[in-house]
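Undergrad: Pasting in a structure now, in structure tokens, and then I'll have a few things to ask.
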Amino acid sequence: MTDQSNRILSELPQRLHHNAYVCSNQERTRQFYEDVIGLPLLATWVEEAEFPQFPGKRLAYSHTFYGIGDGGALAFFEFPDPEAAAAFKAQQQPSFVHIALAVSDAAQKEIKQRLTDAGKPVRQVDHGYCTSIYVQDPDGLIVEFTADAPDADKIAAHQRATAHETLRRWSSGDRTVNNDIRPHR
């Protein structure tokens, strides 16, 4: 195994500050993330700036932040200018493009119930190392709420110890499945 220590930062980022998306309606987004999911609205900034896509034109926009437990946030931009709104519109993504938030088992159950009560379709998947629920927000962003397996620390330690070798095998064409803890379908 190669020594990776010279390639790893001496101090890793402390946390995700925020992950930003574009929404088409801030109030509808607030209702979903605050009223249904339960993430608190922490800030709403109204700003104006020039963007490279629209030289010489100053655009107004709002930027909201919804808190998560580690101090980070999900953030959303809305542009009232129709041309900017069309240019920056959130694009429908495949299920592999999503945000995943770690939650406790109890929080996951509560969120699932809140979504069900709000009539939102929820998909649940047991990955073996975690169980996840998936839902789409009002603009089609897929949000995953994941609860770790009881032995997550042991699983993570094994993955850290084998990650480089497994990646080398994959890159050389070996497609042998290594998730032997995921329930088979």
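The values are calculated or read from the model by the stated rules, or taken from the named source; none is laboratory data. The model shown is predicted, which means the values in this text are computed figures rather than measured ones. All Cβ positions, glycine included, derive from the backbone under ideal geometry; neighbour counts span all protein chains shown. Ligands, DNA and RNA are excluded from the accessible area calculation, which covers all protein heavy atoms including side chains. Shrake-Rupley method; radii C 1.70, N 1.55, O 1.52, S 1.80 Å.
Undergrad: Counting only residues that are in a loop (DSSP other than H, G, I, E, B) and open to solvent by less than 80 Å² (accessible area, probe 1.4 Å), how many does region 94-133 have?
TA: 12
Undergrad: From the list 27, 34, 48, which one is acidic (Asp, Glu) and modelled with pLDDT under 95? It would help to see each step written out before you state the result.
TA: Values: 27 fails: modelled with pLDDT under 95; 34 fails: modelled with pLDDT under 95.
None of the other options fit; the residue is 48.
Undergrad: Also, quick follow-up: Could you check residue 116 against (1) in contact with an Asp or Glu (Cβ under 6 Å, 6 or more places away or on another chain); (2) within 17 Å of residue 34 (Cα to Cα) and say which number it fails?
TA: Going through (1) in contact with an Asp or Glu (Cβ under 6 Å, 6 or more places away or on another chain); (2) within 17 Å of residue 34 (Cα to Cα) one by one, residue 116 breaks only (1).
Undergrad: Could you check how many residues of region 134-144 are open to solvent by less than 20 Å² (accessible area, probe 1.4 Å) and not β-branched (Val, Ile, Thr)?
TA: Count: 3.
Undergrad: Could you grab the pairs with beta carbons closer than 6 Å, sequence gap of 6+ or different chains, first residue in region 46-73 and more than 26 Å from residue 33 (Cα to Cα), second one open to solvent by less than 70 Å² (accessible area, probe 1.4 Å)?
TA: Matching pairs, first to second residue: 53/87.
Undergrad: Further question: If I go through region 30-74 residue by residue, how many of them are surrounded by 14 or more Cβ atoms within 10 Å (Cβ to Cβ) and over 17 Å from residue 145 (Cα atoms)?
TA: Counting residues in region 30-74 that are surrounded by 14 or more Cβ atoms within 10 Å (Cβ to Cβ) and over 17 Å from residue 145 (Cα atoms) gives 12.
Undergrad: Just one of the numbered conditions (1) in a loop (DSSP other than H, G, I, E, B); (2) in contact (Cβ under 8 Å) with a residue 24 or more places away in the chain; (3) farther than 16 Å from residue 90 by Cβ; (4) out of contact with any strand residue (DSSP E or B) (no Cβ under 7 Å at 6 or more places or on another chain) is not true of residue 39; which one?
TA: (4)
Undergrad: Name the one entry in 25, 6, 19 that is farther than 27 Å from residue 160 by Cα and of a type in the set (S, T, N, Q).
TA: 25
Undergrad: Out of 60, 84, 20, I need the residue that is assigned to a strand (DSSP E or B), small (Gly, Ala, Ser) and over 18 Å from residue 98 (Cα atoms). Which one? Spell out the reasoning first.
TA: Numbers: 84 fails: assigned to a strand (DSSP E or B); 20 fails: over 18 Å from residue 98 (Cα atoms).
After ruling out the rest, the residue left standing is 60.
Undergrad: In region 75-93, what residues are of a type in the set (A, V, I, L, M), more than 23 Å from residue 14 (Cβ to Cβ) and open to solvent by less than 50 Å² (accessible area, probe 1.4 Å)?
TA: Scanning region 75-93 gives 84, 85, 90.
Undergrad: Restricting attention to region 145-185, and to residues there that are outside any loop (DSSP other than H, G, I, E, B), open to solvent by 50 Å² or more (accessible area, probe 1.4 Å) and touching a residue at least 40 places away in the same chain (Cβ under 8 Å), which single residue is nearest to residue 8 (Cα to Cα)?
TA: Filtering region 145-185 for residues that are outside any loop (DSSP other than H, G, I, E, B), open to solvent by 50 Å² or more (accessible area, probe 1.4 Å) and touching a residue at least 40 places away in the same chain (Cβ under 8 Å), the one nearest to residue 8 (Cα to Cα) comes out as 164.
Undergrad: Here's another thing I want to ask about it. With touching an Asp or Glu at 6+ places or on another chain (Cβ under 8 Å), under 22 Å from residue 73 (Cβ atoms) and at pLDDT 95 or above as the only criterion, which of 111, 133 stands out?
TA: Details: 111 fails: touching an Asp or Glu at 6+ places or on another chain (Cβ under 8 Å).
Residue meeting the stated conditions: 133.
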